[in-house]
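Taking it in order: structure first as structure tokens, then the write-up.
The values are calculated or read from the model by the stated rules, or taken from the named source; none is laboratory data. Remember, predicted model here, so these are calculated numbers, not experimental data. Note that each Cβ is placed from the backbone with ideal geometry, even for glycine, and that neighbours are counted across all protein chains shown. The accessibility values were calculated without ligands, DNA or RNA, using every heavy atom of the protein model including side chains. Shrake-Rupley method; radii C 1.70, N 1.55, O 1.52, S 1.80 Å.
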Amino acid sequence: MIRILQSVSNMDRGGIETMLMNYYRHLDRDQFQFDFLVNKEKPGFFDDEVRSLGGRIFMGPGLSPLKYPEYLRYMKTLLDREKEIKVLHAHNEAMEFYALNGAKKAGFPVRIAHAHNTHLPHGLKLPVKLVCKAMIPGAATDYFACGREAGIYYFGEKRWNESGVLIHNAIDLERFGYRSEVRTRLRREYHLEDKLVVGSVARFMVQKNHTRMLEQFACLKKIYPNSHLLLAGEGELQAAMEEKAKRLGIYDSVSFLGVQKDTSIWYQAMDVFLMSSLFEGLPVVGIEAQASGLPCVFSDTITDEIILSDRAVRLSLEQPDEVWAKELIRLGTADRDRAEGRSVVRSAGYDIVEETKRLQEIYVSLIEK
């Protein structure tokens, strides 16, 4: 049994954690097992599922600079004790340096740094994060990323071109493929049958830019009154966005769906997917939306690798809301065969079954090396 230690913030419903669970569910658990090193005491959404699949959850000392010496000691103790762990695979952005450097100082041989984003969020911790980000390449032995731009941002263009490994944010195509019966049921239940339904799946946080999304939808309502917005997710800015929707006069045309155990059903109900993020690596929700056959409008701050067909476009956030609204109408009202989405995404390399096999082969090759 080969155990892979996945370092994350915690196993809540973020994009990174959802991606890891996609791989974990399809892992050959007779040969491989995932364990998780978390760094927040708050229980995670996926904790119970992780344990039911045989994984263990280890609680690190925390990612405060004051805890850094303790973190190094913790990593040595953990890796010395858990001899079945053969790979450290770190995902928690700039702060993954703590786990990587702790493993390096412990003499642990396979240390993967995985880049998932193209920017660091601004805040009081930014100076510390910038220092940690700069030291990640020296602490890691191998360099993974969800997309080329994320890999270059974290590891530099030369290192990425020479040794970077692209790991797709792959998904379960059977789950996210188009299902007309689900669409019919949800649209009837929510009285959406005759509406142009715009949708998004994202945590309510600054990066996801819901404030602009609501402005774009308010503009759309003026041009195409018979429209509705579905927003799945929760977060610290949700209450503020609900208040903004009221101020814009669109609250009755916006459904704040909260956390959804199964987001796949909501893509079925939508006519067009909207993502106005300020920055992203390669968001898995964009792949999920395209697998369901949805046309998509993304901000051009998202890597162009997200565009898998001519049904997806990128627009500049500098463009006025009217341009976004007209593109949503054009794509959302066009005739299309949504069943084709599954094959489009599979051809682009985002089939979780095939990608899990590939990841397992990579793990073995790194251990043998």
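Just the residues that are surrounded by fewer than 19 Cβ atoms within 10 Å (Cβ to Cβ) and assigned to a strand (DSSP E or B), please, taken from region 1-34.
Selection gives Ile2, Arg3.
For region 330-369, what are the residues that are among the β-branched types (Val, Ile, Thr) and assigned to a loop (DSSP other than H, G, I, E, B)?
Thr333
Give me the residue from region 239-274 that is modelled with pLDDT under 95 and surrounded by fewer than 13 Cβ atoms within 10 Å (Cβ to Cβ) and, out of that set, farthest from Gly332 (Cα to Cα).
Lys261
For region 267-293, what are the residues that are under 17 Å from Glu174 (Cβ atoms), out of contact with any Lys or Arg (no Cβ under 7 Å at 6 or more places or on another chain) and not polar (S, T, N, Q)?
The answer is Tyr267, Val284, Ile287, Glu288, Ala289.
Out of all the residues in region 155-165, is one or more within 21 Å of Asp304 (Cα to Cα), in contact (Cβ under 8 Å) with a residue 24 or more places away in the chain and buried (at least 21 other Cβ atoms within 10 Å of the Cβ)?
Yes; the residues of region 155-165 include at least one that is within 21 Å of Asp304 (Cα to Cα), in contact (Cβ under 8 Å) with a residue 24 or more places away in the chain and buried (at least 21 other Cβ atoms within 10 Å of the Cβ).
Scan region 337-353 for residues that are surrounded by fewer than 16 Cβ atoms within 10 Å (Cβ to Cβ) and touching a residue at least 40 places away in the same chain (Cβ under 8 Å) and jot them down. Walk me through it before giving the result.
Here is the first cut: in region 337-353, the ones surrounded by fewer than 16 Cβ atoms within 10 Å (Cβ to Cβ) are 337, 339-340, 343, 347, 349, 353.
Correct list: Asp337, Ala339, Glu340, Gly349, Val353.
Could you please give the count of residues in region 102-123 that are at pLDDT 95 or above and either open to solvent by less than 20 Å² (accessible area, probe 1.4 Å) or in a loop (DSSP other than H, G, I, E, B) (or both)? Walk me through how you get there before you give the answer.
Kept after step one, since they are at pLDDT 95 or above, are these residues of region 102-123: 102-115.
From what is left, the residues that are either open to solvent by less than 20 Å² (accessible area, probe 1.4 Å) or in a loop (DSSP other than H, G, I, E, B) (or both) are 102-103, 106-110, 112-115.
Residues flagged as at pLDDT 95 or above and either open to solvent by less than 20 Å² (accessible area, probe 1.4 Å) or in a loop (DSSP other than H, G, I, E, B) (or both) within region 102-123 amount to 11.
How about region 278-291: which of its residues are buried (at least 22 other Cβ atoms within 10 Å of the Cβ) and either in contact with a Leu (Cβ under 8 Å, 6 or more places away or on another chain) or more than 17 Å from Met19 (Cα to Cα) (or both)?
Ile287, Gln290, Ala291
If Phe108 satisfies all but one of (1) within 22 Å of the chain's Cα centre (by Cα); (2) free of Cβ contacts under 8 Å to residues at least 40 places away in the same chain, what's the number of the condition it fails?
Here Phe108 clears every test but (1).
Can you list residue pairs whose Cβ atoms sit under 9 Å apart, with the first residue in region 307-318 being under 22 Å from Asp335 (Cα atoms) and the second being part of a strand (DSSP E or B) and of a type in the set (A, V, I, L, M)? Count only pairs 6 or more apart in sequence or on different chains.
Ile307/Val313; Ala312/Val297; Val313/Val297; Arg314/Val297; Leu315/Val297
Could you list, in sequence order, all residues of region 275-301 that are modelled with pLDDT of 90 or more, in contact with a Pro (Cβ under 9 Å, 6 or more places away or on another chain) and closer than 25 Å to Phe46 by Cβ?
Matches in region 275-301: Met275, Ser277, Ala289.
Name the residues in region 86-101 that are touching a helix residue (DSSP H, G or I) at 6+ places or on another chain (Cβ under 7 Å), open to solvent by less than 10 Å² (accessible area, probe 1.4 Å) and assigned to a strand (DSSP E or B), would you?
Val87, Leu88, Ala90
Scan region 168-205 for residues that are surrounded by fewer than 16 Cβ atoms within 10 Å (Cβ to Cβ) and assigned to a helix (DSSP H, G or I) and report the count.
Selection size over region 168-205: 7.
I'm checking my understanding of the structure. Among residues of region 297-314 that are of a type in the set (A, V, I, L, M) and surrounded by fewer than 18 Cβ atoms within 10 Å (Cβ to Cβ), which one is farthest from Gln216 (Cα to Cα)?
Only one residue tops the list, namely Ile307.
Taking the criterion of being of a type in the set (Ser, Thr, Tyr), outside any strand (DSSP E or B) and either without any contact (Cβ under 8 Å) to a residue 12 or more places away in the chain or open to solvent by 20 Å² or more (accessible area, probe 1.4 Å) (or both), would at least one residue in region 39-53 satisfy it?
yes
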